[in-house]
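K.L.:
Before anything else, here's the structure in question.
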Amino acid sequence: MNDRAKVSATTSTIEDWTDALARATGSPGGGAASGVMLAMAYALTSMVAGYTEVDGPLKQELDALKDRAVAGRRAALHLADEDAAASKSFGSAFRLEPGEERENAIREASVTAAETSADLGRTGADAVGDLEWLAQHGNPALVADVAVACGALRAAVAGARTNMSFDLGSLTAGGESLDDVRKQHPALWETAQQLDELLGRIDRLTADIEGKAVPAELQG
């Protein structure tokens, strides 16, 4: 692409987007990559759901799952672009000359970036229940794809959790303590704790899938 500043997770090719990610610009960065991995998890959810056939009440559950997967994939790509924009602002703030303007810019950019990561993590949380459903009711021939989706989802949530923690920590650059940050941004702080719990849930699901689907001799 001639204008790499316009690279977008929603419109660019994978080649162009990953080429932009590979460059030392920070936009897109790890947070945006987490968004793309979340989109991959939702896409795999859609694929497995599309190969699944069920009857009765489960049919309605499956149809609703398919709708959530489509919406989740689109939301994840949108959040990837939002994170890329937040990352660009974050980098610009740190490049300012030391002083009050820089501190205020870092504080504002940190909160925005943390909120974007929190949105990404919460969007990822919505996928876990659907992957649990597919692990139980989905086409058994595609159980490995459910496991791959779990891997992509874990990477996305872990990335969101780490980025949000870093962004919250950056707020201490202005002199606040972490306790001050916790009191000023309780919702973000709580989301960080919730994402820790979510990672454990994903790990348990992955272990359960591997325990049932992978021959004992091949289990790690």
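K.L.:
Check 8, 12 and return the single one that is of a type in the set (Gly, Ala, Ser), out of contact with any helix residue (DSSP H, G or I) (no Cβ under 7 Å at 6 or more places or on another chain) and part of a loop (DSSP other than H, G, I, E, B).
P.N.:
Details: 8 fails: out of contact with any helix residue (DSSP H, G or I) (no Cβ under 7 Å at 6 or more places or on another chain).
Residue meeting the stated conditions: 12.
K.L.:
Please work out which one of (1) of a type in the set (Ser, Thr, Tyr); (2) under 23 Å from the mean Cα position of the chain (by Cα); (3) open to solvent by 30 Å² or more (accessible area, probe 1.4 Å) is the condition residue 123 fails and give its number.
P.N.:
Condition not satisfied by residue 123: (3).
K.L.:
Counting only residues that are closer than 29 Å to residue 192 by Cβ and crowded, with 18+ Cβ neighbours inside 10 Å, how many does region 126-147 have? Outline the logic, then answer.
P.N.:
Here is the first cut: in region 126-147, the residues closer than 29 Å to residue 192 by Cβ are 126-135, 146-147.
Among the residues that remain, those that are also crowded, with 18+ Cβ neighbours inside 10 Å are: 127-128, 130-135, 146-147.
Final tally of qualifying residues: 10.
K.L.:
When you scan region 46-70, how many residues do you find that are more than 15 Å from residue 132 (Cα to Cα), modelled with pLDDT of 95 or more, part of a loop (DSSP other than H, G, I, E, B) and not charged (D, E, K, R)?
P.N.:
Residues that pass the stated criteria total 2.
K.L.:
With the structure loaded, tell me whether residue 171 is under 15 Å from the mean Cα position of the chain (by Cα) and under 30 Å from residue 26 (Cα atoms) or whether it fails that test. It would help to see each step written out before you state the result.
P.N.:
Numbers: under 15 Å from the mean Cα position of the chain (by Cα): no; under 30 Å from residue 26 (Cα atoms): yes.
No, not satisfied.
K.L.:
Name the residues in region 133-168 that are closer than 24 Å to residue 52 by Cβ and of a type in the set (Asp, Glu), would you?
P.N.:
Within region 133-168, just 145 meets the criteria.
K.L.:
Considering only region 49-70, I want to know if a residue exists there that is closer than 30 Å to residue 26 by Cα and aliphatic (A, V, I, L, M). Walk me through it before giving the result.
P.N.:
To start, the set of residues in region 49-70 that are closer than 30 Å to residue 26 by Cα comprises 69-70.
After this cut, where a residue has to be aliphatic (A, V, I, L, M) as well, the list is 69-70.
Yes: region 49-70 contains one or more residues that are closer than 30 Å to residue 26 by Cα and aliphatic (A, V, I, L, M).
K.L.:
Give the number of residues within region 179-198 that are among the acidic types (Asp, Glu) and either more than 21 Å from the chain's Cα centre (by Cα) or open to solvent by less than 80 Å² (accessible area, probe 1.4 Å) (or both). If you could, list the steps in order and put the result at the bottom.
P.N.:
Initial filter on region 179-198 (among the acidic types (Asp, Glu)): 179-180, 190, 196-197.
Still in the list and also either more than 21 Å from the chain's Cα centre (by Cα) or open to solvent by less than 80 Å² (accessible area, probe 1.4 Å) (or both): 179-180, 196.
Total meeting the criteria: 3.
K.L.:
Among the residues of region 83-103 satisfying the criterion of being in a helix (DSSP H, G or I) and open to solvent by 70 Å² or more (accessible area, probe 1.4 Å), which is farthest from residue 43 (Cα to Cα)?
P.N.:
Within region 83-103, the first condition is being in a helix (DSSP H, G or I), and the residues that meet it are 83-94, 100-103.
Then keep just the ones that are open to solvent by 70 Å² or more (accessible area, probe 1.4 Å); that gives 88, 94, 100-101, 103.
On the way: 88: 27, 94: 36, 100: 44, 101: 42, 103: 40 Å.
That would be 100.
K.L.:
Ok, one more. Keeping to region 177-211, report how many residues are touching a residue at least 24 places away in the same chain (Cβ under 8 Å) and part of a helix (DSSP H, G or I).
P.N.:
Let us first name the residues in region 177-211 that are touching a residue at least 24 places away in the same chain (Cβ under 8 Å), namely 185, 187-188, 191-192, 194-196, 198-199, 201-203, 205-206, 208-210.
Those left that are additionally part of a helix (DSSP H, G or I): 187-188, 191-192, 194-196, 198-199, 201-203, 205-206, 208-210.
The total comes to 17.
K.L.:
Same structure again: Restricting attention to region 41-85, which residues are among the polar types (S, T, N, Q) and under 16 Å from the mean Cα position of the chain (by Cα)?
P.N.:
45
The values are calculated or read from the model by the stated rules, or taken from the named source; none is laboratory data. Remember, predicted model here, so these are calculated numbers, not experimental data. Don't worry about glycine lacking a Cβ; one is built from the backbone with ideal geometry, like all the others, and counts go over all protein chains shown. What goes into the accessible areas is simple: the full protein's heavy atoms, side chains included, and nothing from ligands, DNA or RNA. Shrake-Rupley method; radii C 1.70, N 1.55, O 1.52, S 1.80 Å.
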